[in-house]
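A short worksheet on the structure shown next.
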């Protein structure tokens, strides 16, 4: 812990967590396509295109099966990948891909269910190739997804993952998401094993109200 972090925690007390969560949320999304370098790896981030189906399939089929459990679409299936591309065309979802060369190494979707009474809600889904883990690509994709959802006017965001995906849960917590429900035996893997599903959510208006209080409330020293 650096000295500025220590001073901030001492000064703000419990409010420090809210301020830190806000700092993890970019004000605006990157202008895509964008070239970035993470841990020495050059990447291109851009929106999904019609011709991306083979690259998405190769990416998904190389992932551990467990990583795919929380997705609404099985993107190891060409039929389901075609549906992802249609969702992008119709505006029902925004999908961002991270490429190293011609290979997809990261995938993020900001999705709406298309229903009028949940039009204010976006679901974030993020996947990262195994060899890119630990290089902060997952966090970058989550942050950019969050920014895109806010630019769309979303009032609430949710994310789903199995309860043992602790790294993903930790990243979402740092951005202000909180556990909302745990659905027992909600997903089944290809071997027939059941897994609990963790649903996390963030009410944007409530979070920003907490942030305003955290920043403006006088600090006792």
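The values are calculated or read from the model by the stated rules, or taken from the named source; none is laboratory data. For clarity, every value in this text was computed on a predicted model and none was experimentally measured. No Cβ is skipped: glycine too gets one built from the backbone with ideal geometry, and neighbour counts run over all protein chains shown.
Scanning region 122-157 for residues that are surrounded by fewer than 17 Cβ atoms within 10 Å (Cβ to Cβ) and within 15 Å of residue 170 (Cα to Cα) gives 133, 134, 136.
Looking at region 70-91, can you tell me whether even one residue there is closer than 21 Å to residue 134 by Cβ, surrounded by 13 or more Cβ atoms within 10 Å (Cβ to Cβ) and either in contact (Cβ under 8 Å) with a residue 24 or more places away in the chain or under 20 Å from the mean Cα position of the chain (by Cα) (or both)? Before you say what the answer is, go through the steps one by one.
Here is the first cut: in region 70-91, the residues closer than 21 Å to residue 134 by Cβ are 70.
Now restrict to residues that are surrounded by 13 or more Cβ atoms within 10 Å (Cβ to Cβ): 70.
Next, only the ones that are either in contact (Cβ under 8 Å) with a residue 24 or more places away in the chain or under 20 Å from the mean Cα position of the chain (by Cα) (or both) stay: 70.
Checked region 70-91: at least one residue is closer than 21 Å to residue 134 by Cβ, surrounded by 13 or more Cβ atoms within 10 Å (Cβ to Cβ) and either in contact (Cβ under 8 Å) with a residue 24 or more places away in the chain or under 20 Å from the mean Cα position of the chain (by Cα) (or both).
Checking the structure you have, find out if any residue of region 204-218 is in contact with a strand residue (DSSP E or B) (Cβ under 8 Å, 6 or more places away or on another chain), surrounded by 10 or more Cβ atoms within 10 Å (Cβ to Cβ), closer than 25 Å to residue 154 by Cβ and modelled with pLDDT of 70 or more.
Checking region 204-218: at least one residue is in contact with a strand residue (DSSP E or B) (Cβ under 8 Å, 6 or more places away or on another chain), surrounded by 10 or more Cβ atoms within 10 Å (Cβ to Cβ), closer than 25 Å to residue 154 by Cβ and modelled with pLDDT of 70 or more.
So, residue 176, is that one surrounded by 18 or more Cβ atoms within 10 Å (Cβ to Cβ), at positive phi and modelled with pLDDT under 90 or not? For residue 176, the condition - surrounded by 18 or more Cβ atoms within 10 Å (Cβ to Cβ), at positive phi and modelled with pLDDT under 90 - is met.
Selection over region 106-121 of residues that are in contact with a helix residue (DSSP H, G or I) (Cβ under 7 Å, 6 or more places away or on another chain) and either farther than 27 Å from residue 36 by Cα or surrounded by fewer than 19 Cβ atoms within 10 Å (Cβ to Cβ) (or both) gives a count of 0.
Scanning region 96-105 for any residue that is in contact (Cβ under 8 Å) with a residue 40 or more places away in the chain, closer than 29 Å to residue 38 by Cα and surrounded by fewer than 15 Cβ atoms within 10 Å (Cβ to Cβ) turns up at least one such residue.
When you check residue 169 against the structure, is it at pLDDT below 90, out of contact with any helix residue (DSSP H, G or I) (no Cβ under 7 Å at 6 or more places or on another chain) and surrounded by fewer than 17 Cβ atoms within 10 Å (Cβ to Cβ), yes or no?
Numbers: at pLDDT below 90: yes; out of contact with any helix residue (DSSP H, G or I) (no Cβ under 7 Å at 6 or more places or on another chain): yes; surrounded by fewer than 17 Cβ atoms within 10 Å (Cβ to Cβ): no.
It is false that residue 169 is at pLDDT below 90, out of contact with any helix residue (DSSP H, G or I) (no Cβ under 7 Å at 6 or more places or on another chain) and surrounded by fewer than 17 Cβ atoms within 10 Å (Cβ to Cβ).
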